[in-house]
Amino acid sequence: MATIRSSITVDRSVDDVWKLIADAGTINEWFPLVEESAMLDDNHRTVTLRGGIRLTEEIITNDADLRRFQYRIIDGDLPIEHHIGTIDVIEVEGKSLVVYSTDVEPAELAEMVSGAIEGAVTGLAKKLC
């Protein structure tokens with residue numbers, strides 16, 4: 001298993017950043033790899049990536065007090081054995097530190113996932129600024 005982590009500091013309040021991240025059905029608005037997203041129910045969403053790759057994800061945690069969002073891929077077009085993504089929003093001197101980490105198996109997917117989450121934190125910052 002591989003663990004990937006990316007972070008960015010955004011000059012916006014944690015409430016502003018959290019509001020965007022917590023709205024699980026709109027990830028396509030800030031995650032460049034995601035072309036479409038839709039909630040299936042309160043705890044599941046589908047995403048379509050560039051190239052038409054479809055994934056079904058389970059929302060594990062959407063905690064406004066901790067400002068932590070976690071999800072895992074449970075089905076889809078990629079050969080993923082295990083995946084859990086975590087996004088934390090932490091207040092630092094009036095700004096927001098966004099930490100996006102992912103555990104993925106097989107480890108051979110780490111390079112692809114790393115590029116995706118780097119794009120995600122950059123996309124999030126662009127959306128908010």
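For the reader, a short list of remarks on this structure follows.
- Among ASP77, ASP42, ASP65: highest mean-square fluctuation, GNM of the chain, C-alpha pairs under 10 Å: ASP65
- Computed over region 58-117, the quotient of the alpha carbon radius of gyration and 2.2 N^0.38 Å is 1.27.
- When the chain is reduced to its Cα atoms, the Kirkwood hydrodynamic radius in Å: 14.6
- Helix 110-128 and the long axis of the chain differ in direction by around 40°, with both axes built from C-alpha atoms.
- At full extension, ILE74 and ASP23 could sit 16.4 nm farther apart than now, given 0.36 nm per residue minus the alpha carbon distance.
- At 1.306 mPa s and 10 °C, Stokes D of region 1-48 from Kirkwood alpha-carbon radius, µm² per second: 127
No value in this document is a laboratory result; all are computed from the given coordinates. No experiment lies behind these values; they were computed from the predicted model shown.
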